[in-house]
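Take a look at the structure below.
The values are calculated or read from the model by the stated rules, or taken from the named source; none is laboratory data. From a predicted model like this one, the values you see are computed outputs, not experimental measurements. Note that we place each Cβ from the backbone using ideal geometry, even for glycine, and neighbour counts take in every protein chain shown.
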Amino acid sequence: MGQRRLANVQSDDLSKRPAHLRQRSENTVLNNTTTRKGEAFRAQRRTNENVNIRASQHVINIPVNKSIYNGYNGLQYSPAESKKQPRFNGPKIRIIPIGGAGEMGIGKNMTAIEYDNDIIIVDCGFLFPGPDYPGINYIVPDISYLEENKNRVRAWVFTHAHLDHIGAFRHLASKIPAPVYGTKFTIGMIQKSFEEVDDAYTPQYIELVPEDHEKIQIGDSFSIELIRVNHSIPDCAAIAIRTPLGVILHTGDWRFEDNPIDGKKFDLERMTEIATKEGILLMMNESTNCESDGTHDHSEFDIQESIGQIMDKYPNSRIVVSCFSSQIHRMQAILNEAKEHNRKVAFAGFSMIQNLEVALRTSIIKVPKDVVMKMEDLVKLPDSKVTIICTGSQGEFSAVLNRMASGAHKYIKIKGSDVIVFSSNPIPGNEKYVAHTVDGLMREGSDVIQNGKTHLTGIGPLHLSGHAYHDDHVKLISALNPTYYMPIHGEFHMMVHSAEIAEKIVGIKRENIFVCDNGDVLEISANGARKTGRVQVGGIMYDDSGAIVSEVVLKDRIHMSTEGIFVVVLTVQRGTGRLLTSPDIISRGFIYLRDSEELMGSIRQYLKQKVAFSFANKHVDLDVIKKELKEEISHILYDQTRRTPIVIPVINEIGGGGNINAGNSNNPNNPNKNRQVNNAHRPNDQPDFAKPVVPRTFQLPKQIDTDDIEPKTGRDYRGY
Ligand SMILES: [Zn+2]
Ligand SMILES: [Zn+2]
């Protein structure tokens with residue numbers, strides 16, 4: 001960043017270095033470099049550090065946590081030191097966030113709760129790293145600790161069906177077989193996610209109805225009770241976990257709603273009853289929107305009214321509403337309004353239709369008669385009848401809304417008379433993608449109505465956050481008045497602010513509040529609570545195809561995405577070390593070879609001298625030569641370009657001195673040569689070829705109908 005990028009060596013630089021320092025190599029090209037070796041090396045190290053910083057955004061091995069709420073009064077202990085912390089004798093509960101605590105982007109929520117010989121796991125979500133991690137679809141929690149203790153795991157309990165709570169389960173369920181508890185819709189969504197898994201394992205599912213206040217015994221130590229909460233997906237619950245030492249209340253994701261679409265209100269009454277009669281030992285509270293001022297000032301019904309306003313205002317237009325695919329209640333509101341305005345509705349988007357299927361099967365959504373149609377039939381109706389509910393509210397490039405705008409959708413091309421409604425807010429980080437989508441729609445001349453722009457559109461609220469705001473947190477924490485408090489489900493700043501609310505407004509003692517990181521072990525006994533060490537945690541990365549991607553591959557991708565890659569292929573005669581062909585040079589994402597003949601000439605010259613010198617000895621160690629090639633080429637490239645691509649030297653040794661130089665010109669001034677070579681060898685696999693390189697042929701991908709495909713999981717996963 002900010003470094004000079006030089007196309008040519010500056011002649012005045014030469015004078016800066018004493019002559020005797022330049023005479024250190026037999027290689028004239030190396031001798032002509034004006035950058036010191038150490039400087040080039042430091043530049044590479046800086047690049048590697050930057051790569052590491054980007055790669056460790058979501059996979060943190062040893063977190064820094066010097067918050068006053070860190071459980072050690074702000075001190076930072078190493079894992080070894082924290083293991084030496086005094087432990088409690090006698091019975092104790094152990095709380096271990098396996099994921100979701102201080103997670104950037106919020107995701108992979110998962111907590112283990114232990115007592116004696118029993119473990120309960122609450123939630124098992126994944127995390128979308130987005131563009132931070134090229135080619136990574138999602139990250140699931142590392143459950144090594146739980147696998148080692150799987151014989152003690154008695155239950156999986158799920159609070160709700162957002163993917164940051166259930167998304168990883170299909171990958172991990174078979175590793176820890178135990179019954180699964182949750183509400184009907186949540187279990188329906190989990191079962192749906194298993195349809196994409198070949199694994200023969202099917203967990204035992206147990207549906208619970210929060211309104212029943214039923215207590216289910218789990219192992220010898222626990223009982224669980226689901227308690228109704230409201231959120232941005234149907235059928236959500238908090239969990240009261242009764243232990244021999246007291247009640248743990250895990251809130252799940254929640255908001256208060258006076259008037260929920262399905263009539264199932266946050267059961268504050270039941271929670272307060274438990275708090276009053278039994279007391280709350282530990283409250284684990286989600287902290288996502290605790291920093292937002294005040295409370296929600298409108299309901300889902302107000303949003304329904306806004307949709308009605310739009311239908312009144314644009315009676316002759318097609319209306320396209322995009323929202324989160326898990327916002328089933330929002331879809332219900334739109335369906336109701338469409339019925340009212342004598343419109344028909346079609347749904348579009350893979351994840352939306354998947355979720356809708358579960359909602360229908362579990363009777364979560366009530367579809368008014370004669371309102372829903374197939375897209376191909378709907379588009380034949382007059383515009384005044386057409387309403388479409390679709391994905392793409394986060395500006396996802398491949399989601400339906402963008403495809404409709406670009407004309408890539410099979411049935412719909414956005415036109416000037418269309419009205420597009422964003423019934424959502426951008427998830428932080430997605431603003432630019434949403435703006436890009438809105439621009440694309442407005443360029444087509446259509447009217448775009450977004451939430452929060454009432455002063456421009458005259459239309460009321462179009463979105464309601466699924467998470468409680470500051471004042472709601474004050475209300476709930478005060479009502480429960482827990483002995484110990486632990487913020488969860490948030491980025492670090494959210495959890496610290498949640499801790500501050502608990503201490504400064506509600507009045508919980510600072511030493512009873514614990515801002516934990518993934519892997520921290522919080523022990524609670526009759527004598528108190530403290531952190532007593534860490535267990536192994538982390539993330540396993542998956543790509544689009546469902547394959548695991550290693551950290552090394554991720555780092556290479558990040559490095560290549562900023563600096564590119566540079567490969568040299570040498571074909572030498574075994575024994576003599578004679579170069580049999582002109583070196584092949586491949587560059588990707590670094591510099592365009594055709595425009596860099598001078599640099600390529602230098603590299604070729606360097607390589608010829610290098611080979612002549614290196615193979616002059618009888619004992620040739622190819623590994624040593626390759627290491628030197630890598631270092632020296634990196635040096636020359638940095639010297640001339642101020643860039644630090646990945647450099648891969650490849651040496652093919654050919655025995656007997658054959659003529660393999662088929663058609664390769666030795667003329668470095670022939671630009672076509674590099675192009676041919678570029679196409680022939682793609683540097684995407686092992687750097688060492690034992691045999692001569694044979695050009696690989698690539699088959700064109702099979703053409704598929706793009707209207708049927710969509711990312712199975714977009715960014716739209718936690719219904720902000
Ligand atoms: Zn949620
Ligand atoms: Zn969540």
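Okay, here's what the table says:
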{"read-out": "Residue that is nearest to ILE227 (Cα to Cα), among those in segment 476-491 that are of a type outside the set (A, V, I, L, M) and within 13 Å of ligand 2 (Cβ to nearest atom)", "value": "HIS489"}
{"read-out": "Single residue of segment 226-262 satisfying the filter (of a type in the set (D, E, K, R) and assigned to a loop (DSSP other than H, G, I, E, B)) that is nearest to ligand 2 (Cβ to nearest atom)", "value": "ASP253"}
{"read-out": "Failed criterion for ALA173 (all others in (1) in contact with a Pro (Cβ under 7 Å, 6 or more places away or on another chain); (2) small (Gly, Ala, Ser); (3) surrounded by fewer than 16 Cβ atoms within 10 Å (Cβ to Cβ) hold)", "value": "(3)"}
{"read-out": "Residue in segment 444-466 that is of a type outside the set (A, V, I, L, M) and under 30 Å from VAL247 (Cα atoms) present", "value": "yes"}
{"read-out": "Single match in THR276, THR272 (criterion: free of Cβ contacts under 8 Å to residues at least 40 places away in the same chain and away from ligand 2 (no atom under 16 Å from the Cβ))", "value": "THR276"}
{"read-out": "Unique residue being in contact (Cβ under 8 Å) with a residue 12 or more places away in the chain, surrounded by fewer than 21 Cβ atoms within 10 Å (Cβ to Cβ) and under 28 Å from the mean Cα position of the chain (by Cα) when the list is ASN425, ASN481, ASN451, ASN512", "value": "ASN425"}
{"read-out": "Filter result for the condition that a residue is within 16 Å of ligand 1 (Cβ to nearest atom), of a type outside the set (A, V, I, L, M, F, W, C), modelled with pLDDT of 90 or more and surrounded by 24 or more Cβ atoms within 10 Å (Cβ to Cβ), over GLY102, GLY107", "value": "GLY107"}
{"read-out": "Conditions (1) out of contact with any helix residue (DSSP H, G or I) (no Cβ under 7 Å at 6 or more places or on another chain); (2) within 16 Å of ligand 2 (Cβ to nearest atom): number failed by TYR115", "value": "(2)"}
{"read-out": "Where a residue in segment 349-361 is within 14 Å of LYS184 (Cβ to Cβ) and its partner, wherever it lies, is assigned to a helix (DSSP H, G or I) and among the aromatic types (Phe, Trp, Tyr), with Cβ under 8 Å and at least six apart", "value": "VAL358/PHE185; ALA359/PHE185"}
{"read-out": "Considering residues of segment 242-297 that are surrounded by 19 or more Cβ atoms within 10 Å (Cβ to Cβ) and among the hydroxyl-bearing types (Ser, Thr, Tyr) only, the residue nearest to ligand 1 (Cβ to nearest atom)", "value": "THR288"}
{"read-out": "Close pairs from segment 193-218: first in the same structural domain as ASP267 (by TED's automatic domain parsing) and of a type in the set (Lys, Arg), partner exposed (fewer than 15 other Cβ atoms within 10 Å of the Cβ) and modelled with pLDDT of 95 or more, Cβ under 8 Å, at least 6 apart", "value": "none"}
{"read-out": "Subset tally (residues that are over 20 Å from TYR592 (Cα atoms) and either over 40 Å from the mean Cα position of the chain (by Cα) or surrounded by fewer than 19 Cβ atoms within 10 Å (Cβ to Cβ) (or both)) for segment 631-652", "value": "2"}
{"read-out": "Test set (1) crowded, with 18+ Cβ neighbours inside 10 Å; (2) in the same structural domain as ALA348 (by TED's automatic domain parsing); (3) acidic (Asp, Glu) - ASP472 fails condition number", "value": "(2)"}
